[in-house]
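Below is one structure; the comments refer to it alone.
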Amino acid sequence: MSESSEKNVKAKVHITLKNGVLDPQGKAVEHALHGLGFGGVGGVRQGKYIEVDLPQQSDKAKAKSQVEDMCKALLANTVIENYSVEVVD
Amino acid sequence: MSESSEKNVKAKVHITLKNGVLDPQGKAVEHALHGLGFGGVGGVRQGKYIEVDLPQQSDKAKAKSQVEDMCKALLANTVIENYSVEVVD
Amino acid sequence: MNKVSAITPEVIKTHGLSDDEYKRVLEVLGREPNLVELGIFSVMWSEHCSYKSSKKWLKTLPTTAPWVICGPGENAGVIDIGEGLAAIFKMESHNHPSFIEPYQGAATGVGGILRDVFTMGARPIANMNALRFGDPKHPKTRHLVAGVVAGIGGYGNCVGVPTVGGEVNFHASYNGNILVNAMTVGLAQQDKIFYSAAAGAGNPVVYVGSKTGRDGIHGATMASAEFDANSEEKRPTVQVGDPFTEKLLIEACMELMQTDVIQSIQDMGAAGLTSSSFEMASKGGMGVELDMNAVPCREEGMTPYEMMLSESQERMLIILKPGKEDVARKIFEKWELDFAVIGHLTDTGRMVLKFNGETVCDLPIDPLAQASPEYDRPWVPTVKQAALASASVKDVPWPEALKTLMGCPDIASRRWVWEQYDHMVMMDTAQRPGGDAAVVRIHRSNRALAITTDCTPRYVKADPFEGGKQAVAETWRNLTAVGARPLAITDNLNFGNPQKPEIMGQIVEAIKGIGEACKALDYPVISGNVSLYNETDGSPILPTPAIGGVGILDDLDTMATVAFKAEGETLLLIGQTNEKDGWLGQSLYLREIAGQEKGAPPPVDLVHERKSGDVVRSLIRGGKVTACHDLADGGLLVAVTEMALAGNIGCRLENLVAKPGVLFGEDQGRYLVTTKDAGTVEAAAKQAGVSVSRIGATTGKALSFAGQSVELAELRRMHEEWFPAYMAAPK
Amino acid sequence: MKAAVIVFPGSNCDRDIALALEQSIGKPTTMLWHQDTNVPDVDLIVVPGGFSYGDYLRCGAMAAHSPIMREVKRRADKGTRVLGICNGFQIITEAGLLPGVLMRNKDLKYVCKDVLVKVEDSQSAFTAKYKVGDVLRIPIGHAEGNYFADEATLKELEDQGRVAFRYCTPTGEITDAANPNGSQHNIAGVFNKARTVLGMMPHPERLADKHLGGTDGRAMFDALVETLA
Ligand SMILES: Nc1ncnc2c1ncn2[C@@H]1O[C@H](COP(=O)(O)OP(=O)(O)O)[C@@H](O)[C@H]1O
Ligand SMILES: [Mg+2]
């Protein structure tokens, strides 16, 4: 994807667990890192990183609000997750 | 996590699929977004975003190389994934 | 063809063709091939597609029986299981990819074998997996076990086919070359079986499933001139499985198969579009013309070479009957899968590929197939070892030896593995993992298929002929032990480099042993797979001809399990133990307790095998026994312990000589049964000329013998602890 | 009783639940493709287990946003019974029919085995044939069954007696060791306020037949048939 095409607007979405929400994956990773001898690790949180291509959109502000809508509608579960959207060309 | 603690060095890790590697999740998300009426979506790639706290480390360069080691050892599957590490306080 | 694709000796070599083979290419073509053509030759003449080293010997295997509908040669084998139904099954290896990327390698192995089965019209009803890993102490082993098991589960669970059994062995010879063999069993109507031979000039060639990417393209592409620029972008990539798409593909194909539009169909397996289109045309004596611009691609700028050699997953090739494109298209669109007419059959006998209006490949199909190399590679027989005198083997008190064996890597419970597999979906799993064979009910009936995979590589190493026989006999025994009538096998022959005469000798003798056992047991080979060159740094794996066996239970209510059912029942040993003092050569006792791997492996007396099995089966069917278990790794006491643990009922043993060979020897063709009616069991065995002895009674919560006893709780702990503890240790 | 089972791309326990229902009802169940917009008039809608949309992104997320789920919600609001099993539980929580979320199992692994659950309520159409305190053996098969809700939600669930089943020991104790996935309060299944919607991770359909090794799940379907007849 994203390889060619001019004017390709792309959104970078970070989805992270809200504070206070259990993160079994982060915990397990933390545990495994300790097991591997990485002693100095204090905490690990695992989230998602999603890139969305918007080839037809050149207006960055519009792109951002569109992707925020996608987050609300599908990409994030807003009961437990936060999202942030950054638009780049 | 990251809430309190002074001098808390934190690493932000992005793990993405290498170019050319099939991304079934991204494909399915793209499809679902179309189904929800987000027509302008050209492509979606899904990766991981991991935050690692390093409370005992204040040297950023060291922190970075340490977390890169973690990526190689555990966080990323380097056969199919790339990683990038950014260290912040 | 386009650009600078000079066929230099270097390019030829990286395509794995020998000088002789390339000469043959020139003869077939009467000119130099271009790169696309060379790629196709290299794939079609590879060991994997052409079986050039093994063909001569594979031909000797028995492949027929009145119940065999289709033997080797198709995507999978087909047997008649009565009531208009057929069982379709096959086993296949994904060894090398699983070593490089264990999760995806194993996952795509499962995906591939599923397609081999459903392409023939069968709904997959069970998956099995036969796994071999290196020494548990080797630094890579844990990671590989974790990845492979997660990959098999990740794929099988998602597609909704239960993974009901398999095997796991550890041995240092697999340190650098693990084995991942996956088997699928499917169920079809006999009048709705689909084959792969193409027919009907003009018929449309249709591509369905996922798009084609640059997955798993022949490593050779790297070295060829065309790919020097931009090599980062075009690096051959690991195949990633998409089980969700596979599930949709299964449903779409099942739906399509209910219509009358398919002329022939084949999955795109190894070397995807090349081997599928080539084999379909070749089998039907047809030609084929494909428009490479019509192939659905996932990435931009893909060349015909890449499209033909891509191993992208979840794709099928279908020849439709004339004018049926729309019927088919509708179904694949409903399931949101790619569908493209990419060409048509011709009567020219040639494979012609067009790209951007140019002909990029024009090969004669039949001559290419006819000229495909077949080798009679030199081989030497394995030097046989003398039988080991059991009396010479170190004797340790049985409780200690038993506890060690129950917790050793090759016997410890595999619960950690199978609990990661959905073994219950489809609601027909009548016997879950942990018994002798998995039992999967034929949907909405009271009949069932029994399925097992077995091989004892240390026996095969010591004596490939006896080891080959033993692998087949053990599957037959495991099917028998649940009460099933064994019907047929699939084999997955994993060996080292066939260009070494010792290795070729292992292959030849193991195949002979397999064939002999199949003949004696009326138990033909209906499908299989060969995986050679399993070596690292010149050191080969243990020869591992994994056998998958399938049998039928005509009445599920008579199924036997290994678990003791009640206290106060008699335990009998059926079958012959080496009259001197049991067979310890190549046994696990010898390896784990005495620290030796030597001697001849236990011989398999196929006449006796058949007699003892037939008695056991008829006793089970007649409802005369309450539990049954065959004796395998670890011998008698291990088998008793497994029965006791499964039923949580102990046992008092008697009438046994307290010698390691008797207690832990691995003499073949033996079963343990419990019964309320020992007289009947004895009479039946005696009548059949099979030895039988009462060796104990079920009682309490411990195993006791010769004045010593061990609590079941302790044995259970030993048995259950090893795997999870091993996997939980830091990586 | 009339029942319908919704089939999403990737559902794989749809046939299983339909068969279990058929055993209790005595006639076949309606299967609804996720794109069907006409949901017939039924007494029970089942959202089955499996891997809808491959479990990609978040389990159940994509299915929860498919058009048919709007109709399911509407029916649920009107009192039609809705049963979500396993992936179905994940879907109906994502769709907001039930509170909470199913997180990754605490040890991250998929797990398929029989577990024991304690019946916490027998007042619903689903549980009417069980007694409070009964210990049932029912299989699970999931990688994301770790029930999580914030403290306020948990308190509300507990105060209103909306926990249907909890993972337990053979004697009915609620312990960490009996918890296969890390669920808060050992929760294996929860109701909505009206007890007309039930979501649960264990698969009652998988042990409703003697040939499969147990029948503890059968009473749920029998109860539905009796209550909703
Ligand atoms: N990889 C695996 N996947 C699923 N089940 C397995 C696997 N390996 C072993 N098992 C199960 O564990 C049990 C014991 O295996 P094994 O010791 O090979 O049995 P046997 O000696 O009777 O052939 C069998 O039920 C088998 O199906
Ligand atoms: Mg056995």
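Any lysines with Cα under 19 Å of the C:Lys500 Cα? List them, leaving off those in the same chain fewer than 8 positions away.
Candidates past the 8-residue exclusion: C:Lys52, C:Lys55, C:Lys56, C:Lys384, C:Lys461, C:Lys512.
I need the shape label for the stretch C:103-177. Rule: rounded when a/c is under 1.5, else prolate if a/b > b/c, else oblate, with a, b, c from the alpha carbon gyration tensor. Write down the numbers at each step before the final one.
On the way: a/c = 2.59, a/b = 2.32, b/c = 1.11.
Cα axes put the stretch C:103-177 in the prolate bin.
Peptide D:101-107: average number of partner chain Cβ atoms within 10 Å per residue?
Details: counts 6, 0, 7, 8, 3, 5, 5.
Mean partner-chain Cβ count within 10 Å for D:101-107: 5.
Which FRET efficiency value, to the nearest 0.05, do you get for C:Thr680 and C:Asp376 by plugging their Cβ-Cβ distance into 1/(1 + (r/R0)^6) with R0 = 60 Å?
It comes to 0.65.
Computed FRET efficiency, Cβ-Cβ of B:Leu74 and A:Val88, R0 41 Å: what is it to the nearest 0.05?
Details: r = 29 Å, r/R0 = 0.71.
That pair, B:Leu74 with A:Val88, gives E of 0.90.
Based on alpha-carbon centroids, what's the gap between the stretch C:557-606 and the stretch C:293-350 in Å, whole number please?
For the stretch C:557-606 versus the stretch C:293-350, the Cα centre distance is 53 Å.
Which log10 I(q)/I(0) values does the stretch D:3-228 give at q = 0.08, 0.12, 0.17 Å⁻¹ under the Debye formula, counting every alpha carbon as one identical point scatterer?
Result of the Debye calculation: -0.24, -0.56, -1.23.
Could you give the dipole magnitude of the stretch A:3-88 about its Cα centre, charging the beta-carbon of Lys and Arg +1 and that of Asp and Glu -1, in debye to the nearest 20?
180
Could you pull out which residues in the stretch C:415-445 have an amide N less than 13 Å from a spot 7 Å beyond the Cα of D:Gln23, following the Cα-Cβ vector?
Only C:426-430, C:444-445 fall inside the zone, counting backbone N under 13 Å.
Testing the spin-label approximation: label points 7 Å from Cα along Cα→Cβ at B:Lys60 and C:Arg447. State their distance in nm.
Output for this residue pair reads 7.3 nm.
Please give every one of the lysines within straight-line cross-link reach of B:Lys60, meaning a C-alpha to C-alpha distance under 28 Å, and leave out same-chain neighbours fewer than 8 residues apart.
Qualifying lysines at Cα under 28 Å: A:Lys12, A:Lys18, A:Lys27, A:Lys48, B:Lys7, B:Lys10, B:Lys12, B:Lys18, B:Lys48, B:Lys72, C:Lys731.
Distance from the Cα centre of the stretch D:127-193 to that of the stretch B:52-74, in angstrom?
Measuring centre to centre over Cα atoms gives 39 Å.
Between D:Thr37 and D:Thr215, what FRET efficiency comes out of the Förster formula 1/(1 + (r/R0)^6) with R0 = 22 Å and r the beta carbon distance, rounded to 0.05?
0.05
In the protein assembly as shown, what percentage of the DSSP-assigned beta bridges are antiparallel, given to the nearest 5?
80
Equivalent-ellipsoid semi-axes (√(5λ), Cα gyration tensor) for the protein assembly as shown, whole Å, largest first?
Taking √(5λ) for each eigenvalue gives 44, 40, 30 Å, largest first.
Starting from the Cα-Cα distance between C:Ser693 and C:Thr64, subtract it from 0.36 nm times their residue separation and give me the gain in nm to one decimal.
Answer, rounded to one decimal: 222.8 nm.
Treating the beta-carbon of each Lys and Arg as +1 and of each Asp and Glu as -1, no other charges, what is the dipole magnitude of the stretch D:3-228 about its Cα centre, to the nearest 20 debye?
The dipole of the stretch D:3-228 has a size of about 120 debye.
Within a 10 angstrom radius of each residue's Cβ in C:243-251, how many Cβ atoms of other chains show up on average? Whole number is fine.
5
Near D:Lys129, which lysines are there with a Cα under 17 Å away, not counting those fewer than 8 places off in the same chain?
By straight Cα distance, D:Lys129 reaches D:Lys118.
For the stretch C:16-96, which trypsin sites (Lys or Arg not before Pro) are in a loop by DSSP, counting at most 15 other Cβ atoms within 10 Å?
Qualifying residues, ordered by number: C:Arg31, C:Lys59.
Can you give the helix-only mean residue ellipticity at 222 nm for chain C, where every DSSP H stretch with n ≥ 4 adds -39500 (n - 2.57) and the sum goes over all residues, rounded to the nearest 500 deg cm²/dmol?
Per the formula, -10500 deg cm²/dmol.
Within 10 Å of each Cβ of D:64-70, how many other protein chain Cβ atoms are there on average?
2
What distance in nm lies between label points placed 7 Å from Cα along the C-beta direction at D:Asp176 and C:Glu597?
Roughly 4.1 nm, to one decimal.
Treat each spin label as a single point 7 Å out from the Cα along the C-beta direction, and report the D:Glu151 to D:Asp107 distance in nm.
3.0
Bear in mind that the values in this text are calculations on the coordinates, not laboratory data. Note that this is a predicted model, so its numbers are computed, not measured. Neighbour counts are summed over all protein chains in view; Cβ atoms, including those assigned to glycine, are modelled from backbone coordinates with ideal geometry.
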